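Here the structure is laid out as structure tokens; the discussion comes afterwards.
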Amino acid sequence: KNEVEQSPQNLTAQEGEFITINCSYSVGISALHWLQQHPGGGIVSLFMLSSGKKKHGRLIATINIQEKHSSLHITASHPRDSAVYICAVRSGGSARQLTFGSGTQLTVLP
Amino acid sequence: DGGITQSPKYLFRKEGQNVTLSCEQNLNHDAMYWYRQDPGQGLRLIYYSQIVNDFQKGDIAEGYSVSREKKESFPLTVTSAQKNPTAFYLCASSIDPARRYGYTFGSGTRLTVV
């Protein structure tokens, strides 16, 4: 069983819709990352959080440590948001202890 | 602008050959990492380096080798011992071993064995 589970695996939305991507993990963590991977393959770091909520533009990330769950929200979605969104959790201080989810493919239609 | 440069973007290799993937960063980051990505799977750590002239095996180091002779450079060699090398390879860096800050990723190299 993967330590990091993302849902849904694939998501198609119409432009303007509010989008939620979920990440559940089974280990104690010190931080959680949300990453965005574009069709060309390059990855951009969106958020790193260990508690509460962070917001950047139309993106909002929340985490509930007790429930071992995080969500990434996109408000007023746009076709340029189409990408793979990856959740990764850090369970210790070593680089070996960063575990990645398999990603959520988001497609936003005009 | 600072960032990570990976080259080449696409690489084709014949079976039995070694190939080297380049990763260069101008961010003055101490830590660098190599990940492998396969369809439907999360990124898996191949090797990482926290400081020049030092590197550690990750979860799937067999069939790979690295060097860290300069802070800016962390090349990955895929050797003929790697049984299934066709994959997407990502290089990343962080200011410290990611204890407090996030990662910067490169744009990746797609390796195909022909």
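Where in chain A are the strands (runs of 3 or more DSSP E), entirely inside, with at least 2 residues that are out of contact with any Cys (no Cβ under 9 Å at 6 or more places or on another chain) and away from chain B (no Cβ under 14 Å)?
A:10-14, A:19-25, A:52-56, A:59-64, A:69-74, A:104-109
Quick one: which of B:LEU21, B:LEU76, B:LEU90, B:LEU45 is free of Cβ contacts under 8 Å to residues at least 24 places away in the same chain and surrounded by 18 or more Cβ atoms within 10 Å (Cβ to Cβ)?
None of the others qualify; the one that does is B:LEU45.
Taken over the stretch B:22-37, the criterion of being under 11 Å from the mean Cα position of the chain (by Cα) and either within 15 Å of B:LYS71 (Cβ to Cβ) or away from chain A (no Cβ under 13 Å) (or both) is satisfied by B:SER22, B:CYS23, B:GLU24, B:MET32, B:TYR33. Mind listing whichever residues of the stretch B:53-65 are more than 14 Å from chain A (Cβ to nearest Cβ) and either assigned to a strand (DSSP E or B) or surrounded by fewer than 15 Cβ atoms within 10 Å (Cβ to Cβ) (or both)? Passing the criteria: B:ASN53, B:GLU62, B:TYR64, B:SER65.
All of the numbers you see were taken from the coordinates with simple rules; none came from a lab. Note that the coordinates shown come from a computational prediction; the quantities given were computed from them, not determined experimentally. Don't worry about glycine lacking a Cβ; one is built from the backbone with ideal geometry, like all the others, and counts go over all protein chains shown.
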